[in-house]
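These notes concern the structure reproduced below.
The values are calculated or read from the model by the stated rules, or taken from the named source; none is laboratory data. Keep in mind the model is a prediction, meaning the values are calculated, not measured. A quick note on method: Cβ atoms are made from the backbone with ideal geometry, for glycine too, and the neighbour counts reach across all protein chains shown. We work out accessible area using only protein heavy atoms, side chains counted, and drop any ligands, DNA or RNA first. Shrake-Rupley method; radii C 1.70, N 1.55, O 1.52, S 1.80 Å.
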Amino acid sequence: MAEHPASSMTPWQELKTDAAACRWLRWHPSQLASCVAERGDFLPEPLGADELRELREAHAKWGADPASLAAIDLLGSPRTRVVIAGQQPGFLAGPLLIVYKAMAAVKLARRLAEQNPGLDFAPVFWVASEDHDFNEIRRAYWPGQSGLEEAYIQPSLWEAGQMIGLVETESVIGGLVGQIEQTTFRSEYRDTIIKLLREAYGAADATVESGFCRLLLKLLAGTGLVVVSPLMNWVRRRGAAIMTRELEQAGRSTVAVIARAVEMGAAGMEPPVHRAPTAINGFWVDGQGRRWALHRGEDGRVRRVLGETREELEPVAVGELLGALAADAARVSPNVVTRAIVQDAILPTVAQVVGPGEAAYLAQIEPAYENFGVFAPVRWPRPELTLIEQRVARSLEKYEIELGEALCKDPEPLMERFLRGEMEHGALSRIETLRARQRGEIEELYGGIGLDVPAIRAAFDKLAQAMDKGYKAIEERVLQQRAEDEAHVRRGLAIVSASLRPAGLAQERALNPIIPFAVNYGLDWVGRLFDKIDITPTRPLQVVALAELVKGETHARRFEPDQAEGDLQRLEQG
């Protein structure tokens, strides 16, 4: 591996700079051409007829369009390279960053196809359905009519250790539809979206994975995106070679991961992956789809532990696990270390679109790639976006709040600042200024008369008292109105916070692409953003005003190269 200069930057910061090399990762984005060339010497076998058939059947079941079905065939050619993105199958298509990753994979694949006319490039989304972190995917948020709404999949539908992709969702749809109807405004698209959600989650055999795949493919229709699930038989069969090697090496990859953790710690970074020295990087999968962590015992046998409950199965010899894996590739699955290695071993990946957390985790596990003889691709930073809805833009302007403040600060101090400003410079201030001026004019008039007569003084005092009483009545009415305005301000800033900092998180990590976005703008809203997104690694946060999305061509046409340019030139940054 090439020597890289010492750096105090995080892996994500390195990917986002113009530097020519990374300390922590094999490739820098600027080295993508070299990566593509070198990948040609480390290619897995193209997918065979049965493997392609399984992919087509799954996509047909998920309602994929012809573009995705046609793109599957590319994976059967030795000329094809893959640009990949991935995430767990979140509820309501997961957080917005999933869409941004998928679009970046499509755009980068198209760019590479233009630059390499002798090759084909397929954009792939890897659905991490084997993950068993149910809390990571079961919630979805959206800005409602007065604040943040939260929908979730009931915990009772999941069993400790169970793969999240297998969780059934038929019982979820009724409550979800009711909540959508109660908390969103009726639009010309809402009934269509509700129908789609019923198809995605309401069928008797619907699962978290199938619902996610259906929604993602619908949002990315026309792009040729291919979805790959680790639950597919062909993926498990191909991945079995990596898991066999891991069992045979009895956790040797853990040594490399721990060593890199020490390096990262010495550089002032918290390593994202924590592995016990006894850890074997895989899971035993039981008949209920539950994953049991594997550890080397002192007697040489393998312990199988259910993480959430600490329940243990009877220890077994490594040879017994190898035999079970040989008989059924679904019995041992990858973990956080081996998942990406399996992905890059079975697909001809040249680039993976990643976020900050993934960049750090991949930087820690890439040293283990050498243990398996697997090629590590370029890690390409995903674009970072903030979407501004029209009602949010109006509130920011009305309450004199800069976007940067709204993205970084809690709403309460912003509200207090606005109300204090209204107090100091608004109606109350003007009332007090006018009252003081008129009191001064009354005193000036009395002095100008030049008659120090009690009856005249009393008449002036009576006038001043009447004026003060009138001003007090006006002030009380203004204060009453101010209390009502404060309630409006609170509601307005609650909507701003729900849109820009939902649940205290970055928008792209919490809000989903279905509600309110597809409800308000139609399923093709992602298509309208496609050309707008800049995937240049060094590009800072991009801000998009959704009110400027225009109606026009169909979703599929908008995704065709150069078709959307005219419309999307009018989509300015907010």
Checklist outcome for this item: Note, region 285-291: 3J(HN,Hα) by Karplus (6.51, -1.76, 1.60, θ = phi - 60°), whole Hz, Gly/Pro = x, goes 10, 8, x, 9, x, 8, 9
Checklist outcome for this item: Computed over the chain: longest principal axis from alpha-carbon atoms vs helix 454-500 long axis, angle to nearest 10 degrees, is 10
Item to check | Estimated FRET transfer efficiency (Ala267, Arg394; beta-carbon r; R0 45 Å; 0.05) | outcome: 0.50
Item to check | Among 117-126, 499-508, the order from most to least packed when residues are scored by Cβ within 10 Å on average | outcome: 117-126, 499-508
Checklist outcome for this item: Sorted largest first, the C-alpha extents of the chain along its principal axes in whole angstrom are 115, 56, 52
Checklist entry - Against the longest principal axis of the chain, how steep is helix 356-365, in degrees 0 to 90 to the nearest 10, with axes from Cα atoms? => result 30
Checklist outcome for this item: Applying the gyration tensor rule to the Cα atoms of region 1-99 (axes a ≥ b ≥ c; rounded if a/c under 1.5, else prolate if a/b exceeds b/c, else oblate), the class is oblate
Item to check | Of Lys61/Lys107; Lys61/Lys195; Lys61/Lys101, those spanning more than 20 Å from alpha-carbon to alpha-carbon | outcome: Lys61/Lys107; Lys61/Lys101
Next on the checklist: Once each part is reduced to its C-alpha centroid, what is the distance from region 32-63 to region 255-293 in angstrom?
Outcome noted: 28
Checklist outcome for this item: At the level of C-alpha centres, the distance separating region 183-210 and region 73-122, in angstrom, is 26
Checklist entry - Which cross-chain or sequence-distant (5 or more) residues have an amide H under 5 Å from the amide H of Ala250, H modelled 1.01 Å from N in plane? => result none
Item to check | DSSP-loop GluC sites (Glu not before Pro) across region 287-328, with at most 16 other Cβ within 10 angstrom | outcome: Glu298, Glu308
Item to check | Positive-pole candidate from Thr254, Met103, Met163, dipole of the chain, charges at beta carbon | outcome: Met103
Next on the checklist: Rounding to the nearest 10 and keeping the result within 0 to 90°, find how far the Cα-based axis of helix 233-249 lies from the longest principal axis of the chain.
Outcome noted: 80
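Once you charge only the Cβ atoms, +1 for Lys and Arg and -1 for Asp and Glu, what is the size of the charge dipole of the chain about its Cα centre, to the nearest 20 debye? Present the calculation step by step, with values, prior to reporting the outcome.
Working: 66 positive and 80 negative charges, 48 e Å.
For this selection, approximately 220 debye.
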Checklist entry - Under a plain spin-label model, where a point goes 7 Å from the Cα along Cα-to-Cβ, how far apart in nm are Ser429 and Phe185? => result 3.2
Checklist entry - Got a sec? Charge dipole of region 434-546, +1 on Cβ for Lys and Arg, -1 for Asp and Glu; which of Ala458, Leu445, Ala503 is way out at the positive end? => result Ala503
Checklist outcome for this item: The extension gain from Val255 to Asp286, computed as 0.36 nm times the residue separation minus the Cα-Cα distance, is 8.5 nm
Checklist outcome for this item: Residue-ordered couplings for region 267-275, obtained by feeding phi - 60° into the Karplus form 6.51 cos²θ - 1.76 cosθ + 1.60 and rounding to whole Hz (Gly and Pro as x), are 8, x, 10, 7, x, x, 10, 10, 10
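If you stretched the chain out fully between Asp534 and Asp328, how much longer would it get, using 0.36 nm times the residue separation minus the C-alpha to C-alpha distance? Don't skip to the end; give the middle numbers.
Working: separation 206, 0.36 × 206 = 74.16 nm, distance 4.37 nm.
Full-extension gain reported as 69.8 nm.
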Checklist outcome for this item: For Asp18 and Glu486, extending 7 Å from Cα along the Cα-Cβ vector and measuring point to point gives, in nm, a value of 5.2
Item to check | HN-Hα J in Hz across region 139-153 - Karplus 6.51, -1.76, 1.60, θ = phi - 60°, x for Gly and Pro | outcome: 10, 9, 10, 7, x, x, 6, 9, x, 7, 9, 10, 10, 8, 8
Checklist entry - When the accessible area of region 87-239 is split by element with a 1.4 Å probe, what percent falls to carbon and sulfur? => result 44
Next on the checklist: Between region 123-168 and region 343-381, what is the separation of their alpha carbon centroids in Å?
Outcome noted: 25
Checklist entry - What is the set of long-range amide H partners of Ile280 at a cut-off below 5 Å, with H atoms built 1.01 Å from backbone N? => result Leu294, His295, Arg296
Next on the checklist: Taking the solvent-accessible surface of protein heavy atoms with a 1.4 Å probe, what is the per residue accessible area of the chain in Å²?
Outcome noted: 43
Checklist entry - Taking 0.36 nm per intervening residue step and subtracting the Cα-Cα distance, what contour gain separates Leu43 from Arg457 on full extension? => result 138.8 nm
Checklist entry - Counting Lys +1, Arg +1, Asp -1, Glu -1, what net charge surrounds Ala329 among other residues with beta carbon under 9 Å of its beta carbon? => result +3
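Give a quick list of GluC sites (Glu not before Pro) in region 208-295 that DSSP marks as loop, anything other than H, G, I, E or B, with at most 13 other Cβ atoms within 10 Å.
Details: sites: Glu209, Glu246, Glu248, Glu263; in loops: none.
Of the GluC sites (Glu not before Pro), not one in the loops of region 208-295 has a Cβ with at most 13 other Cβ atoms within 10 Å.
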